[in-house]
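Student: Once you've had a glance at the structure underneath, I'll fire off some questions.
Each value in this text was obtained by applying a stated rule to the coordinates, not by laboratory testing. The structure presented is a predicted model; accordingly, all values stated were derived computationally and were not measured. As a convention, Cβ positions derive from the backbone with ideal geometry for all residues, glycine included, and neighbour counts pool all protein chains shown.
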Amino acid sequence: MAARNKMMTNEVKAFVVRALASFDTPSQVAEAVRQEYGVTITPQTVQAYDPTKYAGRNLAPKWQALFEKARKSFLEDASDIPIANRSARLRMLQRMAAKAETMGNMNMASRLLEQAAKEMGNAFTNKVDLTSSDGSMTPKGLGDFYGRPSAPQGGE
């Protein structure tokens, strides 16, 4: 393991820490390091750079601080993840639907079109409209609560 760590420059170590902070698995990180830097490391070596794991309990404070900063940034900002953006998802669905159509896979193209329609209709958001029919935040009856007009109260 000492020979492997000598090949791990600070740049590689920072890459490993940031990847782990972004919830990549040790196997994924080891493969990414091999592809990016030409350095072969084991998933067990990678795990030693994750302070949330037992193997990383003795990680140097410098790398722990980087991990915490990267984890916080990852959790708070999804803007650098293209699929988190509706426009990016729609572009991807467009490309997939066009490819499915040219391949003659109409069933898949149809499902992708349905997915795009749901995406445009906010089917995949947690938005809930809590206003009542008169615009206030107080439902006038159970009908407003369930999105239907209320029946008049008291026989009016």
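Student: Once phi is turned into θ = phi - 60°, what whole-Hz ³J(HN,Hα) does the Karplus curve with 6.51, -1.76 and 1.60 give for every residue of region 13-18, x standing for Gly and Pro?
Tutor: Couplings: 4, 5, 4, 4, 4, 5 Hz.
Student: What does the C-alpha gyration tensor say about the overall shape of region 2-76? Classify as rounded when a/c is under 1.5, otherwise prolate if a/b is larger than b/c, or oblate.
Tutor: prolate
Student: Pairs of lysine in region 1-105 with Cα under 19 Å and at least 8 positions apart or on different chains: total?
Tutor: 9
Student: Another question, then. Sorted by average packing, counted as other Cβ atoms within 10 angstrom per residue and highest first, what order do 76-86, 98-108, 19-29 take?
Tutor: Per-residue mean Cβ counts within 10 Å order the peptides as 19-29, 98-108, 76-86.
Student: Give, in nm to one decimal, the length gained when the segment between residue 79 and residue 10 is fully stretched (0.36 nm per residue of separation minus the Cα-Cα distance).
Tutor: 22.2 nm
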